[in-house]
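Encoded as structure tokens, the structure appears first; notes follow it.
Nothing in this text is a laboratory measurement; each read-out follows from the coordinates by a stated rule. Quick caveat, the model's predicted, so the values are computed rather than measured. Ideal geometry is used to build each Cβ from the backbone, glycine not excepted, and the neighbour counts take in all protein chains shown.
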Amino acid sequence: MWRKEEPKSPGVAEPVMPPSAAIPQPSTPSNAPAAAVGSPLPVSPRAAACISQGIRIKGEITGKEDLFVDGTLEGKLDLGNHSCTVGPNGKVKADITAREVIIRGNVDGKVDAAERVQLWNTSRVSGEVRTERLAIEDGAVLRGKVEAGKPHGRSAETTLNNSAAKTEKSKPGSLDASSRAAAI
């Protein structure tokens, strides 16, 4: 639609629009995966940093913001109180420590999340998983040790381990109910 230009006042600076704002961005429905709509990279909307599909990193990564990994990562990843998302093309062979870990790709290593670990149906995890809450979709593969739930105090864990050791010493080959849970 044509609109007549308004006269400019002398001495008033005209606002400058950043180049990225001039390019129309594709919009995706909030519940549809970005890859299905045609976007080349399904990035988490909260992720401030991204390791894209063609990137390979070896070493130790620490950060203080959310991270999306869709490339290859080997080593150690520590995000403290932030979120880590491993994309569908992500191949991570590292120990991951974060507040929340969402896995869509492959992870081989220890995953330690303070709040939550979510495994999508495309995920393949091999190693230890320790978290307060664990969500596993149908089709996800998880091989290894899992510790889920609120962390117990040191004294409760020590008591459980000591009672299991005493039971095993007193009656070889038999376990009581409390040590059976620890053995599983």
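Rounded, prolate or oblate: pick one for region 42-148, where a ≥ b ≥ c are the square roots of the eigenvalues of its C-alpha gyration tensor, a/c under 1.5 means rounded, and failing that, prolate if a/b is larger than b/c, else oblate.
Details: a/c = 1.37, a/b = 1.23, b/c = 1.11.
Because its axes are fairly even, with a/c under 1.5, region 42-148 counts as rounded.
Gain in length, THR62 to ARG99, computed as 0.36 nm per residue apart minus the alpha-carbon separation, to one decimal in nm? Numbers along the way, then the final one.
Working: separation 37, 0.36 × 37 = 13.32 nm, distance 1.31 nm.
Working it through step by step, the gained length comes to 12.0 nm.
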Exercise for the section: Please work out how much length the chain gains when fully extended from GLU128 to ALA114, using 0.36 nm per residue of separation minus the C-alpha to C-alpha distance, in nm with one decimal. Expected result: 3.6 nm
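Take each of the peptides 48-54, 74-80, average the number of other beta-carbon atoms within 10 Å over its residues, and list them starting from the highest.
Numbers: 48-54: 15.3, 74-80: 17.3.
The most tightly packed comes first, giving 74-80, 48-54.
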Exercise for the section: Return the long-range amide H neighbours of HIS82 (sequence gap of 5 or more, or a different chain), with a cut-off of under 5 Å between placed amide H atoms. Expected result: ARG99, GLU100
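What net charge is computed for the residues neighbouring LEU134, neighbours being all others with C-beta under 13 Å from the C-beta of LEU134, Lys and Arg scored +1, Asp and Glu -1?
Values: positive: ARG116, ARG130, ARG133, LYS145, LYS150; negative: GLU100, ASP112, GLU115, GLU128, GLU132, GLU137, GLU147.
Result for the neighbourhood of LEU134: -2.
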Fill in the blank from the handout: With a 20 Å threshold on alpha-carbon distance, the violating pairs from LYS64/LYS91; LYS58/LYS91; LYS64/LYS150; LYS93/LYS150 are LYS64/LYS91; LYS64/LYS150; LYS93/LYS150
